[in-house]
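I have placed the structure first, in the form of structure tokens, so that the comments after it can refer back to it.
Readers should treat all values here as calculations from the given coordinates under stated rules, not as data from a laboratory. Because the structure is predicted, anything quoted here is derived from the model rather than measured. Note that each Cβ is placed from the backbone with ideal geometry, even for glycine, and that neighbours are counted across all protein chains shown.
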Amino acid sequence: MKHGVNSHTLESVDLLNSPAEIKDSIRSLYQLALEAEQLLIGNEQLAKELQRLSENYQRLEQLAQAGTWRIGQDNRIAFVNKRMAEMLGYSPDQMLGKNLLGFMAAETRKKVIDDLDCGKQGITRQGEFCFKHKNGSDVYTLMEIDPVFEDNSEHTASYGLVLDITERKKAEQALQEVDNLRRSERLKTELVSNISHELRAPLASIKGFTTALLQHGIKWNKKTQHDFIQTIDQETDRLTRLVSDLLDMSRLEAGVLSLEKDDYQISEILDSVSKMLTNLTEHHQLQVVLPSGLPSVFVDQMRIGQILINLVENAVKYSKKGSQITIEAQPADDKIIVSVADRGKGIPCELLDRVFDRFYQVESAVPGQRNGTGLGLFICRGIIEAHSGEIGVKSKVGKGSKFSFSLPVSKS
Ligand code: ADP
């Protein structure tokens, strides 16, 4: 290579004296720079070529491990390689002539049918698909489905290239399980700390006012005494409510909430809680809209009454005195939809899903004071789901909220 000449020139630079020699030497250096540049360009091309070769090699290596199949228009297997058959625990002969979809997990079939249809329009599809091993286990794969056209026009078959990614998938699932366990541990810790906080607050208040009343040497006037006792009374109610909510919550979570279901008219359920509803809405206008001829529902009357009270209580808490609250029931297929609507402050739409979470409170009805448990809607949802129904909310900030739930119509 020219390399020898240039290194000689370089070694001689130190010994140069005359301007002619310096000129010569600069020329040589210039030449060297040019050659170096050429060499670099060559290397760059070489590096690109190497990269391309290594990518091709990787693809070939993948192909060697890949399963392949070919199916006709009727989805029957016309060809399957040994790797593909091994992946599913069969020999190629055992798979030939069978419907490819029969080797796939049920939840994957629709996607394959869609992708095969896309193939008919000349589109190649790639994605994750689950096959079923002969022993019943899941085989997760990355699969490419290519259409085959005869004479460049008619779609005659489809061709699949399949890579087994079961090990990777299992590792991902194991990681997900660890993540879920960590999450559930964190939730448990949060729950215990929430419960302790909720119990401690009313207890501290009861203890404080009782101690004040019992203090030697202080004579409280009648009005103060009455105020103290009233607060103790309210806090005791709050504690009782909290304990009963907590019991309901743990019954729901353990799946042991027992329901005493029977056939009831919605009007009967409303009657059973009418006194409480009237008391709750004494400063609001309560409107009840019940179309005549509504079918009866098969429910636990006491529990549905509890939900109505809860929703109306919230409607009262989060809307202005004098505003309207509407309870309505409407038939829908084999269900009845019951709703409680208010014209109150509403709930921001990004928080609508969260209001049914355990202990979740958007903000207290009375600023700076927690006057609920954040368990009400969580329990409502649990009770409705135990009746195979659904509960949801529509709301607009500043306009109001409408909570609706569905109940199953009686069979007879
Ligand atoms: P709470 O005991 O706090 O009322 P809930 O589970 O019944 O607990 O309600 C959860 C949160 O949903 C409440 O704290 C409140 O922020 C919001 N919320 C419930 N009902 C309404 C409503 N009718 N209007 C506005 N916000 C509501």
inquiry  = Need the list of aspartates and glutamates near LYS188 for cross-linking: C-alpha distance under 16 angstrom, and skip anything on the same chain fewer than eight residues off.
reply    = ASP179, GLU198, GLU253, ASP357
query = In terms of modelled amide H atoms, which long-range or inter-chain residues lie less than 5 Å from the amide H of MET104?
reply = LYS132
message = Straight-line reach only, C-alpha to C-alpha below 25 angstrom: list the lysines that LYS394 could link to, leaving out same-chain residues fewer than 8 apart.
response = LYS317, LYS320, LYS321, LYS335, LYS345, LYS402
request  = Calculate, for ALA174 and ILE337, the FRET efficiency according to 1/(1 + (r/R0)^6) with r their C-beta to C-beta distance and R0 41 Å; round to the nearest 0.05.
outcome  = 0.45
ask   = Most exposed first by the Cβ proxy, i.e. fewest other Cβ within 10 Å, how do VAL297, VAL139, VAL288 rank?
value = VAL288, VAL139, VAL297
inquiry  = Run the numbers for CYS349 and HIS216: contour at 0.36 nm per residue of separation, minus the present Cα-Cα distance, in nm.
reply    = 42.5 nm
note = Per GNM of the chain with C-alpha springs under 10 angstrom, the most fluctuating residue out of ASP248, ASP357, ASP151 is ASP151
message = Taking the beta-carbon count within 10 Å as an exposure proxy, list LYS219, LYS134 from fewest neighbours to most.
response = LYS219, LYS134
query = How far apart, in nm, are the 7 Å Cα→Cβ label points at ILE165 and VAL243?
reply = 5.5 nm
task = Would you be so kind as to identify which of ALA85, GLN73, VAL139 lies farthest towards the positive end of the dipole of the chain, taking Lys and Arg as +1 and Asp and Glu as -1 on Cβ and the Cα centre as origin?
result = VAL139
query = Taking square-rooted eigenvalues a ≥ b ≥ c of the alpha carbon gyration tensor, is region 163-274 rounded, prolate or oblate, where a/c under 1.5 means rounded and, failing that, a/b exceeding b/c means prolate?
reply = oblate
query = Applying 1/(1 + (r/R0)^6) with R0 = 25 Å to the Cβ-Cβ distance of VAL256 and ASP357, what FRET efficiency is obtained, to the nearest 0.05?
reply = 0.75
query = Points 7 angstrom from Cα along the Cβ direction at ILE113 and LYS411: gap in nanometres?
reply = 3.1 nm
key: Amide proton proximity set for ALA157, modelled H, under 5 Å, gap of 5+   = VAL148
request  = Using +1 at the Cβ of each Lys and Arg and -1 at the Cβ of each Asp and Glu in the chain, identify which of GLN31, LEU50, HIS216 lies farthest towards the dipole's positive end.
outcome  = HIS216
query = Can you give the angle from 0 to 90° between the axis of helix 301-317 and the longest principal axis of the chain, with both taken from C-alpha atoms, to the nearest 10?
reply = 80 degrees
note = Ranked from fewest to most other Cβ atoms within 10 Å of their own Cβ, CYS349, CYS130, CYS118, CYS380 fall in the order CYS349, CYS118, CYS130, CYS380
Area projected by the alpha carbon convex hull of region 262-412, averaged over all directions, nm² = 8.6 nm²
request  = Starting from the Cα of THR124, step 7 Å along the direction of its Cβ; do the same at LYS48; then give the gap between the two resulting points in nm.
outcome  = 2.3 nm
key: Amide H contacts of ILE165 (H built 1.01 Å from N, under 5 Å, at least 5 apart or other chain)   = TYR140, THR141, LEU142
message = Working only with C-alpha atoms, what are the Rg and Dmax values of the chain, expressed in angstrom?
response = 38.0, 120
query = Among LYS223/LYS275; LYS82/LYS169; LYS98/LYS120, which pairs are too far apart, with a Cα-Cα distance over 26 Å?
reply = LYS223/LYS275
